[in-house]
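The values are calculated or read from the model by the stated rules, or taken from the named source; none is laboratory data. Keep in mind the model is a prediction, meaning the values are calculated, not measured. Positions of Cβ are backbone-derived with ideal geometry, glycine not excepted, and every protein chain shown enters the neighbour counts. Side chains are part of the model used for accessible areas, which takes the heavy atoms of the whole protein and leaves out ligands, DNA and RNA. Shrake-Rupley method; radii C 1.70, N 1.55, O 1.52, S 1.80 Å.
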Amino acid sequence: MKALSIDGAISRMTIAAKNDDKVFTSIYDIGMKQSESIVPAIEKVLQKVCLEPKELDYTVMSIGPGSFTGLRLAISALKAFQLAYNIPVYGISTLEMYEYPFLNFNLPVLSAIDANKDRFYARLINDNKTILEDGDWEISKLTDVTKKLKSVILAGPDCKKLEQFIKEKNRKINVLYSKTQMVTTDSLFALAEKNIADDNPPLRDFDGPVYLRASEAEIKFNSTSSKA
């Protein structure tokens with residue numbers, strides 16, 4: 001299939017295009033400069049696999065949780081293709097994207113992003129069953145839910161930090177994780193095509209990124225409004 005994927009969930013933005021068996025991926029670990037790079041990055045990856053935007057079968061993105069800015073940039077770019085060429089946009093949970101490479105290990109997988117304030121955006125699966133839904137969880141909840149596990153695979157960009165908290169409460173647990181970050185757009189392609197094969201619908205016109213927490217601007221606005 002011919003496709004474009006964007007993972008803008010964290011500051012390390014990944015953009016990839018595939019033309020059947022040809023794939024080209026660009027990674028931009030450049031912090032807050034994503035807005036300056038996303039359009040030329042898309043043009044670059046499409047050019048590298050000899051694709052015109054109108055030829056795409058679908059586009060896919062990490063839909064959240066994650067960076068407010070990165071997720072908004074990604075969905076704006078892909079919605080533009082949808083409007084111009086009627087190309088479906090698929091949204092994949094960021095946490096599901098992180099766990100995907102580890103599903104064949106037959107071990108519990110805890111995928112997580114550091115959400116600051118002693119919390120993580122996280123989910124836990126075990127034996128193809130969801131033990132902990134995508135949520136904005138306190139560290140104490142994650143350590144409690146892993147207390148009885150003998151082993152767990154950690155997935156996502158903040159494994160080392162989460163490992164420390166888990167081992168403080170359960171020193172016998174065997175914690176496994178990749179020492180380098182995965183190419184997340186590979187997972188996005190695979191999960192989108194699974195959705196297509198299963199006849200799951202793409203994002204609707206009014207669908208947007210999934211935010212598990214209000215932005216700092218929203219919190220300040222709500223606080224100001226309540227005092228007025």
Filter segment 115-127 down to residues that are crowded, with 18+ Cβ neighbours inside 10 Å and among the charged types (D, E, K, R) and give me whichever is nearest to the chain's Cα centre (by Cα). Arg123
Looking at segment 73-106 only, could you name the residues that are surrounded by fewer than 16 Cβ atoms within 10 Å (Cβ to Cβ) and either touching a helix residue (DSSP H, G or I) at 6+ places or on another chain (Cβ under 8 Å) or of a type in the set (D, E, K, R) (or both)? Ala84, Tyr85
Quick one: is Ser26 modelled with pLDDT under 95, of a type in the set (Ser, Thr, Tyr) and under 19 Å from the mean Cα position of the chain (by Cα)? no
As an exercise: evaluate Cys50 against (1) over 16 Å from the mean Cα position of the chain (by Cα); (2) touching a residue at least 60 places away in the same chain (Cβ under 8 Å) and give the number of the one condition it does not meet. (2)
For segment 141-156, state whether one or more residues are outside any helix (DSSP H, G or I), modelled with pLDDT of 95 or more, farther than 27 Å from Ala3 by Cβ and open to solvent by 80 Å² or more (accessible area, probe 1.4 Å). yes
